[in-house]
Amino acid sequence: MKTAVMTDSNSGIMKDEAEKLGIFSLPMPVIIDGATCYEGVDLTQEMFYASLTGGKDVTTSQPSPGEVIGMWDEIFEAGYDEIVHIPMSGSLSNSYESAAALAADYDGKVQVADNRRISVTLRESVLEAKELADKGVSAQEIKEELERRAYESSIYITVDTLEYLKKGGRVTPAGAALG
C-alpha cells in the first residue's frame, strides 16, 4: 500500500517544504479585516504578526470541506492507496472533527489522526508519520501510533498579552481580564 501523509500549515510545514519532504500540507485560512488569506500562500508569518500588532481584525478558520476533499482526491489521483491526515489538535480547532466526518465517505482509505499537537510538536508527528509510511506501515497503524503517543509531548507558549488569544476565541474575556 502506498500511504500519503497529509497535515495542515499549523505544523509549520508550508507547501514548498512539504513537496520536498514528500508530504501534503493544506494551507490554513486566516481572515484579516474580512479578507481570507492562506498561510504560506499569500500570508507570511511576518504579515500575520504585523496584522496582529497593527490592530487589524485577525481571526483564524479551518479549511473548507471542499478544500480538504479536494486535496484528498488529488492525492488519490497521484497514485496513493490511502492517506493518514494529521490536522492540528482537535481541542483547538474543529479541523479534526470535520475531517473525521468527511473521511467516513472514503471507506477507510482516509485515516484522520488527532494526536493533540500543534506547531513544532505537530511537525515532529508528521515527520514521524512519513518515516512510518516509508517503511510500509498502514495509515490505520500510523493513526493508532500517533494517538497512542498523543500526550508524550508538551509545548509551552508565552505571550506578551492575552488580547490576541481573546480576539481569536482561545481565552474568554473574563480569563483575559484576570491575566
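The values are calculated or read from the model by the stated rules, or taken from the named source; none is laboratory data. This structure is a prediction, so every number in the text was calculated from the model and none was measured. Cβ coordinates were reconstructed from backbone atoms using ideal geometry, including for glycine residues, and neighbour counts include every protein chain displayed. For the accessible areas, the whole protein counts, side chains as well, though only heavy atoms, and no ligand, DNA or RNA atoms are used. Shrake-Rupley method; radii C 1.70, N 1.55, O 1.52, S 1.80 Å.
One table, with the values for the structure above:
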{"read-out": "Net length gained if the chain between Asp42 and Leu21 were fully extended (0.36 nm per residue, minus Cα distance)", "value": "5.4 nm"}
{"read-out": "For segment 68-132, size of Cβ-based charge dipole, Lys and Arg +1, Asp and Glu -1, in debye", "value": "360"}
{"read-out": "Stretchable slack from Ala101 to Ala35, in nm (0.36 nm times residue separation minus alpha-carbon distance)", "value": "21.0 nm"}
{"read-out": "Met1-Glu124 pseudo-label distance in nm [points 7 Å out on the Cα-to-Cβ vector]", "value": "2.7"}
{"read-out": "Calculated from backbone phi, Karplus (6.51, -1.76, 1.60) coupling profile of segment 20-31 in Hz, x at Gly/Pro", "value": "5, 7, x, 10, 10, 10, 8, x, 7, x, 10, 9"}
{"read-out": "Sparse-neighbourhood loop sites, GluC sites (Glu not before Pro) in segment 37-120 - DSSP loop, at most 11 other Cβ within 10 angstrom", "value": "none"}
{"read-out": "Vicinal HN-Hα couplings computed from phi for segment 3-9 (Karplus, 6.51 cos²θ - 1.76 cosθ + 1.60; Hz; Gly/Pro x)", "value": "9, 8, 10, 10, 9, 10, 5"}
{"read-out": "Carbon + sulfur, % of accessible area of segment 1-126 - ligands and nucleic acids excluded, 1.4 Å", "value": "50"}
{"read-out": "Amide H contacts of Phe24 (H built 1.01 Å from N, under 5 Å, at least 5 apart or other chain)", "value": "Val5, Met6, Thr7"}
{"read-out": "DSSP bridge orientation in segment 1-128 - percent antiparallel, rounded to nearest 5", "value": "35"}
{"read-out": "Segment 1-131 - charge dipole about Cα centre, Lys and Arg +1 at Cβ, Asp and Glu -1, debye rounded to 20", "value": "320"}
